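In what follows, a single structure is set out as structure tokens and then discussed.
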Amino acid sequence: MTKVLLLTEKPFAKVAVNSIKEIINAAGFETVLLEKYTSKDEVLKAVANVEAIIIRSDIADKEVINAAKNLKIIVRAGAGFDNIDLNSATEKNVVAMNTPGQNSNAVAELAFGMMLYSARNHFNGKSGFELKNKTIGLHAYGNVGKFVAQIAKGFGMDVYAFDPFVKKEDIEKDGINYVSTVEELYSKCQYISLHIPANEKTKKSINFDLLSKMPQGATLVNTARKEVIDEVSLIKMFDTRLDFKYVSDIEPDCKNELIKYETRYYATPKKMGAQTEEANVNAGLAAARQIVNFIKYGDKTFQVNK
Ligand code: 3PG
């Protein structure tokens, strides 16, 4: 019987797990569950005899993919697939997919939660700032960026977006100000919300040159990936720009050096942007359906390796 492993160090909500099992079992497959694991050995054992795997930010590197001798498909229930070694998957003839858009609203809402927390001095009671009439720049206008844009409009913010992969008219038809260069985005916006993936081009691309262009009241919001930030530049911004604030859904490697900046810095202890029942259900069920459709009908929609 085809075995589908749900491999989640950070588990989905119960309601999502139950529905994922229903979809897999209804297809005549068996669900195997490994949650909250604490060692790679547990992972290597669990993947050994399964045909399909659903993961979240769980690392599917060469070792994991090679250990999964029967693997046909791995689905990242979420957007970013930088945790999958795509070359190894391709070499082993394994299809890798993501579930784009399924958890985007949850991430966008968290970005605003963190922006409010930052603007109101971590709720310490001291006078803070309102988001209304502030400028916000979306660094990438994909699924999450679009939700952030809509919420920002509700807050009365002035919204800008930069995305070299999205046409000017597609940004403008949503009532968002288009900018053609990333430098212009950072120069115009007090709030920058990052929505770029982590890849060879973007890693460490958010550097001092860019950040120092931000106007007074600069706040960088990172619900994307820590790897896109150049942390030397980040520390330099804290030291040289006393107005600069950073909120992140991923703890930076230099977190111990940032704690002293108190209300100018906040990072969630564990990435939680997509950690809502709704996002878990949307992404988890999409992943389960994609696996069934691939194994039964060869449907490769959402494949990210070729
Ligand atoms: C994503 O890429 O979809 C988000 O970063 C969510 O990651 P998570 O599933 O590990 O919470």
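Worth a mention:
- Taking the criterion of being within 14 Å of the ligand (Cβ to nearest atom) and either farther than 18 Å from Ala286 by Cα or of a type in the set (A, V, I, L, M, F, W, C) (or both), the residues of region 11-34 that qualify are Phe12, Ala13, Ala16, Val17, Ile20.
- Hits in region 245-274 (condition: among the basic types (Lys, Arg) and surrounded by fewer than 17 Cβ atoms within 10 Å (Cβ to Cβ)): Lys255, Lys260, Lys270
- Whenever a residue of region 223-234 is more than 10 Å from Thr202 (Cβ to Cβ) and in contact (Cβ under 8 Å) with a residue 24 or more places away in the chain, its partners that are within 15 Å of the ligand (Cβ to nearest atom) and not in a helix (DSSP H, G or I), lying with C-beta atoms within less than 6 angstrom and at least six residues away or across chains, give the pairs Thr223/Asp249; Thr223/Gly273; Lys226/Ile250.
- Of all residues making up region 154-194, the number that are surrounded by 15 or more Cβ atoms within 10 Å (Cβ to Cβ), more than 21 Å from Met237 (Cα to Cα) and small (Gly, Ala, Ser): 1
- Helices (runs of 4 or more DSSP H) contained in region 72-172 and holding at least 3 residues away from the ligand (no atom under 14 Å from the Cβ) and farther than 23 Å from Val247 by Cβ: 86-91, 168-172
- Condition check for Val148: under 18 Å from Tyr191 (Cβ atoms), of a type in the set (A, V, I, L, M) and in contact (Cβ under 8 Å) with a residue 12 or more places away in the chain: yes
- Taking first residues from region 36-59 that are closer than 22 Å to Lys270 by Cα and partners that are in a strand (DSSP E or B) and not basic (Lys, Arg), the Cβ contacts under 6 Å between residues at least 6 apart in sequence or on separate chains come to Ile54/Leu6; Ile54/Val75; Ile55/Leu7; Arg56/Thr8; Asp58/Leu7.
- Test: residue in region 253-266 that is among the aromatic types (Phe, Trp, Tyr), farther than 23 Å from Ala218 by Cβ and touching a residue at least 12 places away in the same chain (Cβ under 8 Å): no
- Of all residues making up region 35-71, the number that are away from the ligand (no atom under 14 Å from the Cβ), under 20 Å from Asn280 (Cα atoms) and exposed (fewer than 13 other Cβ atoms within 10 Å of the Cβ): 0
- Per-region count, region 277-306, residues in a loop (DSSP other than H, G, I, E, B) and over 17 Å from Gly80 (Cα atoms): 3
- Residues in region 262-287 that are under 19 Å from Arg225 (Cα atoms), in contact with a strand residue (DSSP E or B) (Cβ under 8 Å, 6 or more places away or on another chain) and within 11 Å of the ligand (Cβ to nearest atom): 1 in all.
- Residues (surrounded by fewer than 24 Cβ atoms within 10 Å (Cβ to Cβ) and over 15 Å from Asp82 (Cα atoms)) located in region 195-210: Ser205, Asn207, Phe208, Asp209, Leu210
- Which listed residue, of Lys62, Lys134, is assigned by TED's automatic domain parsing to the domain that holds Asp163 and either closer than 23 Å to Asp249 by Cβ or out of contact with any Leu (no Cβ under 6 Å at 6 or more places or on another chain) (or both): Lys134
The values are calculated or read from the model by the stated rules, or taken from the named source; none is laboratory data. Fair warning: this is a prediction, and the values are worked out from it, not measured in the lab. We place every Cβ from the backbone using ideal geometry, glycine too, and count neighbours over all the protein chains shown.
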